[in-house]
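The values are calculated or read from the model by the stated rules, or taken from the named source; none is laboratory data. This is a predicted model, so every value here is computed, not measured. Heads up, the Cβs are rebuilt from the backbone with ideal geometry, glycines too, and the neighbour counts pull from every protein chain shown. Only protein heavy atoms, including side chains, enter the accessible area calculation; ligands, DNA and RNA are left aside. Shrake-Rupley method; radii C 1.70, N 1.55, O 1.52, S 1.80 Å.
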Amino acid sequence: MTRIMIVNGPNLNMLGRREPDIYGHQTYADLIKMISRHCQEKGIDVKIMQSNHEGALVDAIQQAADYCDGIVINPAAYTHTSVAILDALKAAALPAVEVHISDVDSREEFRHLSYPGMYCFKTVKGEGLAGYLTAIDALLAKIGL
Ligand code: DQA
């Protein structure tokens with residue numbers, strides 16, 4: 001069975017409470033439900049993780065290399081700083097899609113640069129939480145499902 005990993009970076013556990021004008025009112029639990037339902041409908045297995053710690057995100061990506069067919073990643077603030085996450089994606093060598101809830105390109109200048117995005121074959125931004133489903137579908141199309 002196809003298995004994908006969804007990797008979420010810092011502060012995404014605060015969805016619903018965190019800057020709702022930018023990230024909306026739905027919670028992280030709502031996001032997990034939405035992704036789980038979508039993947040069930042697609043007949044694929046999904047592992048969803050979130051961490052506020054850069055090294056834990058690197059560990060998860062490395063582990064994905066052993067048992068997953070692809071990665072959807074929202075590195076959150078580490079998007080704009082983390083060469084370590086970029087290198088982990090390169091090491092795992094799995095197809096990967098980057099997703100951002102907000103439209104990072106229309107926000108502050110420092111959000112325009114993405115290190116993990118240099119590896120990902122696609123970036124989805126500004127679609128709200130639904131962007132995760134767009135990213136999953138793009139990943140599945142790439143994998144050949
Ligand atoms: C984000 C955008 C990042 O710039 C920010 O640091 C986040 C969330 C998004 O999903 O829009 O934490 O990745």
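Observations
- Any chance residue 91 is among the small types (Gly, Ala, Ser), in a helix (DSSP H, G or I) and open to solvent by less than 70 Å² (accessible area, probe 1.4 Å): no
- Exactly one residue out of 60, 65, 56 is away from the ligand (no atom under 15 Å from the Cβ), among the small types (Gly, Ala, Ser) and crowded, with 20+ Cβ neighbours inside 10 Å, and it is 60.
- Enumeration of residues in the stretch 9-58 that are under 21 Å from residue 115 (Cβ atoms), in a loop (DSSP other than H, G, I, E, B) and without any contact (Cβ under 8 Å) to a residue 60 or more places away in the chain: 51, 52, 53
- Of the residues examined, residue 102 is one that is surrounded by 15 or more Cβ atoms within 10 Å (Cβ to Cβ), out of contact with any Asp or Glu (no Cβ under 7 Å at 6 or more places or on another chain) and in a loop (DSSP other than H, G, I, E, B).
- Total residues in the stretch 108-120, condition over 10 Å from residue 79 (Cβ atoms) and open to solvent by less than 50 Å² (accessible area, probe 1.4 Å): 1
- Only listed residue being in contact with a Phe, Trp or Tyr (Cβ under 7 Å, 6 or more places away or on another chain) and either within 16 Å of the ligand (Cβ to nearest atom) or open to solvent by 50 Å² or more (accessible area, probe 1.4 Å) (or both), chosen from 73, 35: 35
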